[in-house]
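Below: the structure, in structure tokens.
The values are calculated or read from the model by the stated rules, or taken from the named source; none is laboratory data. All values derive from a computational prediction rather than experimental measurement. So basically every Cβ, Gly included, is an ideal-geometry build from the backbone, and we count neighbours across all protein chains shown.
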Amino acid sequence: MNWKSLSNCNEVFQISNIFPWSYYDTLIDEFDFKNNTIVWDKRETSEQPLFGQHEDTKWNNNELGWNYKFIHSSRYVEYALKKIIKKNVELTRINTNFQFYGMESGWHNDYDVPGHNAWTVVTYINSKWDYSWDGQFVIRTKDRDYINVNPTPNEGVLFNASLEHRGGAPNRYCTECRMSLAFLFKEVYND
């Protein structure tokens, strides 16, 4: 695992090889349409088109969902997060995204509670990705800069969850689904 800061304020980081490759292959299996139920009912706002999510991560009463593999994978992500930001955190939410051409995500933030801080880590679960397919993840920093990150397999983007961001859909030349697994961690404050 390696990482680099993508912003001047140390609020956005790119992480490579976030999972061991053998473990990453098991996550790809969890995203296989043949073996798992994907529901096409997710959107950030009512104006946005629907896109997919893994049924095991729908936000019902248990915001972590009930997919053990995703919960287990959060340990790798938590380790990377703590190593980079050097703060205590606790896992709050896991969600998935499945996007084909035309399924654009809207601008949103994941957590914006005054006096509290949280971090999101978005990981990319495709077995391959051709950069000519687009599908970039875009974050707007506090300095009002825009950072574009390609959805590279087994890489992740760590960012302050209060930042506005969106996951771009792939373009019409892509025959693949852009898939991501995201984790929200709240900072834990010791009194």
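All conditions but one from (1) modelled with pLDDT of 90 or more; (2) surrounded by 12 or more Cβ atoms within 10 Å (Cβ to Cβ); (3) more than 21 Å from Gly167 (Cβ to Cβ) apply to Asn2; the one that does not is (2).
Within the range 171-191, the set of residues being in contact with a strand residue (DSSP E or B) (Cβ under 8 Å, 6 or more places away or on another chain) and exposed (fewer than 11 other Cβ atoms within 10 Å of the Cβ) comprises just one member, Val188. For first residues located in the range 165-182 and in contact (Cβ under 8 Å) with a residue 24 or more places away in the chain and closer than 13 Å to Ser132 by Cβ, partners that are surrounded by fewer than 22 Cβ atoms within 10 Å (Cβ to Cβ) and of a type in the set (Asp, Glu) and lie 6+ apart or on another chain with Cβ distances below 6 Å form the pairs Pro170/Asp134; Asn171/Asp134.
Just so you know, in the range 20-77 the residues that are modelled with pLDDT of 60 or more and among the small types (Gly, Ala, Ser) include one that is farthest from His165 (Cα to Cα), and it is Ser22. Among the conditions (1) within 13 Å of the chain's Cα centre (by Cα); (2) touching a residue at least 40 places away in the same chain (Cβ under 8 Å), Asp134 misses just one, which is (1). For the range 98-140, taking the residues that are hydroxyl-bearing (Ser, Thr, Tyr) and surrounded by 19 or more Cβ atoms within 10 Å (Cβ to Cβ), the one that is farthest from Asn171 (Cα to Cα) is identified as Thr120. Give me the residue from the range 154-191 that is acidic (Asp, Glu) and not in a loop (DSSP other than H, G, I, E, B) and, out of that set, nearest to Phe19 (Cα to Cα). Here the residue is Glu155.
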